[in-house]
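Okay, so here's the structure we're looking at.
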């Protein structure tokens, strides 16, 4: 991990923690806020344009059919963010091995 990726990784870890807490508590309004504002902002800063577009579309596109559909899409977004986290934190883990 370089000095320039450290803040991105740390902010992603914070964001994932916030998303996971809101998901566990079923706080849909918090999930919507985090998805639209925080995930989009982080993804743009990190150069993850596809994630930024996906987080925007999740909130601004056609209304979802149900709470379960929204939660399933949030779960998929969290999984994608976890994959990005593994990818950007991988060099750090190998550097300390």
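Only the coordinates and a few stated rules stand behind these numbers; no lab work does. Please read these numbers as outputs of a predicted model, since none were measured by experiment. All Cβ positions, glycine included, derive from the backbone under ideal geometry; neighbour counts span all protein chains shown.
How far apart, in nm, are the 7 Å Cα→Cβ label points at residue 86 and residue 6?
It is 2.6 nm.
When you count, for each residue, the other Cβ atoms within 10 Å and take the mean per peptide, how do 63-69, 40-46 rank with the highest first? It would help to have the intermediate numbers written out before the result.
On the way: 63-69: 9.7, 40-46: 18.0.
Highest-to-lowest ranking by the protection proxy: 40-46, 63-69.
Along Cα→Cβ, 7 Å out, is where each label goes; now give me the distance between the ones at residue 30 and residue 61 in nm to one decimal.
2.6
Would you mind computing Rg(Cα) / (2.2 N^0.38 Å) for segment 6-95, counting N as its residues?
Details: Rg = 13.1 Å, N = 90, 2.2 N^0.38 = 12.2 Å.
Rg over 2.2 N^0.38 Å, computed on Cα atoms: 1.07.
Pairing the Cα long axis of helix 49-60 with the longest principal axis of the chain, what angle in degrees results, from 0 to 90 and rounded to the nearest 10?
Compared with the principal axis, the helix lies near 20 degrees.
Enter the angle in degrees (range 0 to 90, nearest 10) between the Cα long axis of helix 6-25 and the first principal axis of the Cα atoms of the chain, meaning the one along which they spread out most.
30
Taking only Cα atoms, what is the 0 to 90° angle, nearest 10, from helix 67-95's long axis to the longest principal axis of the chain?
0
Tell me, what is the percent relative contact order of the chain, built from C-alpha pairs under 8 Å that lie six or more residues apart?
Relative contact order, the chain: 36 percent.
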